[in-house]
């Protein structure tokens, strides 16, 4: 960077890199905050709909045990959100958290393409394709 010993970056290049880093940082912050908001909202709704979770360890155990009644398909999640079920809203938050790094990579592809950096566009597009392929393969193998 300019101003640093041995740096060859121009002020324009530094501004471009800074804008890129800020945009990527914004995508990550928004994704994590949206995820946190969904998880917290879903948790509160679960406790509002089922106040016995606060007073009965047996009822709470039914919620937290393996195989509990959490939605397992996107259709179940959609129906649960439509019906304002807390567990479904928590799952939406977890899905947002999973998708946040994928969105970061997708935004990076667009940024590198806009900057006409073909090598980084190609590399990042390959990473995005691998991420998406892993989701598809996971969905198919269920």
Looking at segment 131-142, I want the residues that are on the phi > 0 side of the Ramachandran plot and exposed (fewer than 10 other Cβ atoms within 10 Å of the Cβ) and have a partner that is at pLDDT below 85 and assigned to a helix (DSSP H, G or I) with Cβ atoms under 6 Å, at least 6 apart or on another chain. Which pairs are those?
none
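Conditions tested, residue by residue: (1) under 17 Å from residue 31 (Cα atoms); (2) under 12 Å from the mean Cα position of the chain (by Cα); (3) assigned to a helix (DSSP H, G or I).
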position	(1), (2), (3)
93	yes, yes, yes
97	yes, yes, yes
101	yes, yes, yes
104	yes, yes, yes
110	no, no, yes
116	no, no, no
121	no, no, yes
127	no, no, yes
134	no, no, yes
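Please verify whether segment 82-98 includes one or more residues that are closer than 30 Å to residue 18 by Cβ and buried (at least 16 other Cβ atoms within 10 Å of the Cβ). Walk me through how you get there before you give the answer.
Step one: filter segment 82-98 for residues closer than 30 Å to residue 18 by Cβ, giving 96-98.
Those left that are additionally buried (at least 16 other Cβ atoms within 10 Å of the Cβ): 96-97.
Scanning segment 82-98, I find at least one residue that is closer than 30 Å to residue 18 by Cβ and buried (at least 16 other Cβ atoms within 10 Å of the Cβ), so the answer is yes.
Quick check on my filter: what residues within segment 108-130 are under 19 Å from residue 22 (Cβ atoms) and either surrounded by 18 or more Cβ atoms within 10 Å (Cβ to Cβ) or modelled with pLDDT of 95 or more (or both)?
Within segment 108-130, the first condition is being under 19 Å from residue 22 (Cβ atoms), and the residues that meet it are 108-115, 117, 120, 124.
Of everything in segment 108-130, those that are under 19 Å from residue 22 (Cβ atoms) and either surrounded by 18 or more Cβ atoms within 10 Å (Cβ to Cβ) or modelled with pLDDT of 95 or more (or both) turn out to be 108, 109, 111, 112, 124.
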Going through (1) surrounded by 16 or more Cβ atoms within 10 Å (Cβ to Cβ); (2) in a helix (DSSP H, G or I); (3) in contact with a helix residue (DSSP H, G or I) (Cβ under 6 Å, 6 or more places away or on another chain) one by one, residue 60 fails only at (1)
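Matching residues to (1) surrounded by fewer than 13 Cβ atoms within 10 Å (Cβ to Cβ); (2) closer than 16 Å to residue 96 by Cα; (3) in contact with a strand residue (DSSP E or B) (Cβ under 9 Å, 6 or more places away or on another chain); (4) at pLDDT 90 or above:
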| site | (1), (2), (3), (4) |
| --- | --- |
| 27 | no, yes, no, yes |
| 41 | no, yes, no, yes |
| 64 | yes, no, no, no |
| 67 | yes, no, no, no |
| 72 | yes, yes, no, no |
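The values are calculated or read from the model by the stated rules, or taken from the named source; none is laboratory data. Owing to the predicted nature of the structure, the values given are computational and were not obtained by experimental measurement. In this analysis, Cβ positions are derived from the backbone assuming ideal geometry, glycine residues included, and neighbour counts consider all displayed protein chains.
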